[in-house]
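First the structure, in the form of structure tokens, and then the observations on it.
The values are calculated or read from the model by the stated rules, or taken from the named source; none is laboratory data. Computed from a predicted structure; not experimentally measured. Every residue, glycine as well, gets a Cβ built from its backbone with ideal geometry; the counts of neighbours run over all protein chains shown. For the accessible areas, the whole protein counts, side chains as well, though only heavy atoms, and no ligand, DNA or RNA atoms are used. Shrake-Rupley method; radii C 1.70, N 1.55, O 1.52, S 1.80 Å.
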Amino acid sequence: MRKLRRPFRRSSGLGALALAGALAATLFLSPPDTARGAPAPREVTPQGQTSLRAADPSVLRVGSTYVGVQSTGGGIVVRQASSTDGLATAPARQVWSDSRGRGEVWAPEIVMDGGRYYIYFTAGVGAAHRMFVISSASPDSGYGAETQLALPEGRWAIDGTLFTFEGQRWFVWSGWAGTTNVEQNLYIARMSSPTQPTGARYVISQPRESWERVVGNPFINESPEAIKDPNGQLHIAYSANGSWSDQYCLADLRLRKGGDPTYVWDWYKSNGCLFGSNRATMMAGWDPTLYVNGPGHHTFVLLHGDINTSPPAGPRFPSMYHAVAKGTPYSWANRHWYTGSFVWWGDTTYSRANVPGPTSDKGWSLKFFE
């Protein structure tokens, strides 16, 4: 995605991959094509690129329908299609407009909770960006006026999303520690309902590793997305490095088995990017992209957007992300939505030093594909 201190932002282990085909089939309509093939000629549309020139995809599946949400200037639109590829050309139905002059509208996230749809988004100007929510019983109509989320401490906040883990609702977002734009951290807070935070906010990640400080001013952790691995452990996959550069990439936080989501040292961070276009910042054993630069701000395409429907080990499963095609100048204006896929990758060790607790943790990680 973002953020600023540039013009204050943009527009708008080789583990055992045990086959679980039957379960997988109930979660997704059909797995993406697993063939990567040779790099396409430059004049050919890059693999996975949709016709939608936009950023920050958020997509879930309801039955046989894929539902995606997008910011469009001063509003939010919802698209519905029978495939992730089809979302780009599906009719865009406006569900909310900035009638109160909230400011820049960024990164809407569509979530289902209790059979109702919630769209979380950021609006504001400069240091005034805060999280808002609208809701409806229908994915593309019936949304009311926006409500500002009363996040703990009331600081600058973007890229928020709701999920439920072990019976507790949580909200995770990117924000500032104070009132100035020094760095963007990932925070988590409990929710007593889809619209009501409760208790304190807790930092779970800061951009302090060398590979996530290649591009900064400020340094960035943003776009958190929750998912649950085949062992039942919680992951937060997020974007690092400035979104205005091709160093933008995806990385992973894995909560140790039995860990406390509010305790930062129960989270283990991947030792490099898991999806990126620069080999120097990739985690050992992970390769850079072939067709795109700066992939980031992804969405796991889950049934009802619910992490409790997260896929098992086995075939590839759908995801979407934004990126810029190789051979094209890297700019926010050149970002497109891309369809991709991911698999769980087992027996992967994340290591760390000079912090409390064990220095390494072995478990599932993620591999992303264009």
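Checking the condition touching a Lys or Arg at 6+ places or on another chain (Cβ under 7 Å) and surrounded by 23 or more Cβ atoms within 10 Å (Cβ to Cβ), which residue from 184, 168, 148 passes?
After ruling out the rest, the residue left standing is 184.
Being closer than 23 Å to residue 217 by Cα and either at pLDDT 95 or above or in contact with a helix residue (DSSP H, G or I) (Cβ under 6 Å, 6 or more places away or on another chain) (or both) narrows it down to one residue among 190, 116, 130, 169; which is it?
Going through 190, 116, 130, 169 in turn, the sole match is 130.
Take the residues in region 346-370 that are among the small types (Gly, Ala, Ser) and assigned to a strand (DSSP E or B), then tell me which one is nearest to residue 277 (Cα to Cα).
Here the residue is 365.
Look at residue 324 and say whether it is out of contact with any Leu (no Cβ under 7 Å at 6 or more places or on another chain) and hydrophobic (A, V, I, L, M, F, W, C).
It is true that residue 324 is out of contact with any Leu (no Cβ under 7 Å at 6 or more places or on another chain) and hydrophobic (A, V, I, L, M, F, W, C).
Name, by its number, the condition in (1) over 24 Å from residue 306 (Cβ atoms); (2) among the hydrophobic types (A, V, I, L, M, F, W, C); (3) not in a helix (DSSP H, G or I) that does not hold for residue 134.
Looking at each condition in turn, residue 134 falls short on (1).
In the list 245, 239, which residue meets the criterion of being within 19 Å of residue 330 (Cα to Cα), open to solvent by less than 50 Å² (accessible area, probe 1.4 Å), more than 11 Å from the chain's Cα centre (by Cα) and at pLDDT 95 or above?
Unique residue meeting the criteria: 245.
Which condition does residue 327 not pass, out of (1) surrounded by fewer than 24 Cβ atoms within 10 Å (Cβ to Cβ); (2) out of contact with any Asp or Glu (no Cβ under 9 Å at 6 or more places or on another chain); (3) at negative phi; (4) in a loop (DSSP other than H, G, I, E, B), if it passes all the others?
(3)
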